[in-house]
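Participant: One structure, pasted below without further comment.
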Amino acid sequence: MAETESGSAATVSSEGGRGENTSLKDKGNEFFKAGNYLKAAALYTQAIKQDPSNPTLYSNRAAAFLQLAKLNKALVDAETTITLKPQWEKGHFRKGCVLEAMERYDDALAAFQMALQNNPQSQEVSRKIKKINQLVRDKKRAQEVENMRSNIDMAKHLDTLKPEMSEKYGSEECWKEMFTFLVETIEAAVKSWHETSKVDARVYFLLDNEKTQTDKYAPVVNIDKAFESPHTHSSCFPFLRQYAEDSFSGAACIVAPKNIISYPQVWKGQGSRKWRYGQNDGFFVQFESPNVRKLWFIPSSNEMGQTLCRDPEVLDISAHELIPRLFKEKLAKS
């Protein structure tokens, strides 16, 4: 809680004004300490009318206005305090507190540093400077996290996949369509994770615009039950293989959250072996096409109160595949 000054600037006088002023200020201080900041501010205002050049009164009223969240008025009073008594630590301290409440941390830091310059021994001011420096770092990192959340660019992370796809498929139109499909699928999953901290277990198919019967085959198939048991898992992928063939799909992406992969049979040969990302939340993306198969894990963390997806980590699909091969392998086309 902010403190007010009893001050020595007002001299008690038996001849009217200044004696009454001291009384108003003291009453204001009592109301302030009792938490009645509105009444305290009103009494400081009356005192200021009688003694408009008293910096203590403006400082006290600034403290009351700050508690009332009347930040612009508090800032004016703090600056008036500084004008009336430039070398007084308290005026700069008041200004710093108001600017901190406004989240103008750089300006607040300058004000607190000026207060420390006028009173190098003040532990209160030193603590404020330390706090503001931390707030500045936190604010900067929060902005960085928000930028990372809003500027998702999976294409740059998957760029190394382009030469392999080009080599395997030859046709630039063909592999670029697959690459775009993959990028868009992962980016949509990341956005969903950022917004809701989850993704649905689904298979996304790259349908053939000319051949697919779109009234019969949807581009998305829900597989949330596929990982409940070895039985449901073993019956899932034959269905998906047939679906891929019948829908004339050129590629597919399996997206599944890590928390539903609940039995070791999914990762053949891994058993109970410790996994590098065992402590991370996140989700998997498995890319399936006739000649290129890839698997990624996208770890997730909580930073600055925000859910943040980290860079995709490439996994060995032969050891970690979520679902066996969906497409028959084809010879590369020139």
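Read-outs throughout are calculated quantities, based only on the coordinates presented, and are distinct from any laboratory measurement. What you see is a predicted model, and the numbers here were worked out from it, not measured in a lab. Heads up, the Cβs are rebuilt from the backbone with ideal geometry, glycines too, and the neighbour counts pull from every protein chain shown.
Participant: Could you grab me the full set of residues in the range 189-218 that are under 37 Å from the mean Cα position of the chain (by Cα) and either of a type in the set (K, R) or exposed (fewer than 15 other Cβ atoms within 10 Å of the Cβ) (or both)?
Facilitator: Listed by number, the residues that qualify are K191, E195, T196, S197, K198, R202, A218.
Participant: With the requirement that a residue be β-branched (V, I, T) and free of Cβ contacts under 8 Å to residues at least 24 places away in the same chain, what does the range 210-258 give you?
Facilitator: Hits for the range 210-258 are T214, V220, V221, T232.
Participant: Quick one: count up the residues across the range 89-135 that are of a type in the set (D, E) and over 25 Å from the mean Cα position of the chain (by Cα).
Facilitator: Counting residues in the range 89-135 that are of a type in the set (D, E) and over 25 Å from the mean Cα position of the chain (by Cα) gives 2.
Participant: Does any residue of the range 145-163 turn out to be touching a helix residue (DSSP H, G or I) at 6+ places or on another chain (Cβ under 9 Å), among the charged types (D, E, K, R) and within 28 Å of N302 (Cβ to Cβ)?
Facilitator: yes
Participant: Name the helices (runs of 4 or more DSSP H) wholly within the range 27-111 that hold at least 3 residues that are small (G, A, S) and under 28 Å from Q134 (Cβ atoms)?
Facilitator: Helices (runs of 4 or more DSSP H) meeting the threshold: 55-67, 89-101.
Participant: Here is a further query. Within the range 159-180, track down each residue that is in a loop (DSSP other than H, G, I, E, B) and under 16 Å from A251 (Cα atoms).
Facilitator: Correct list: G170, S171.
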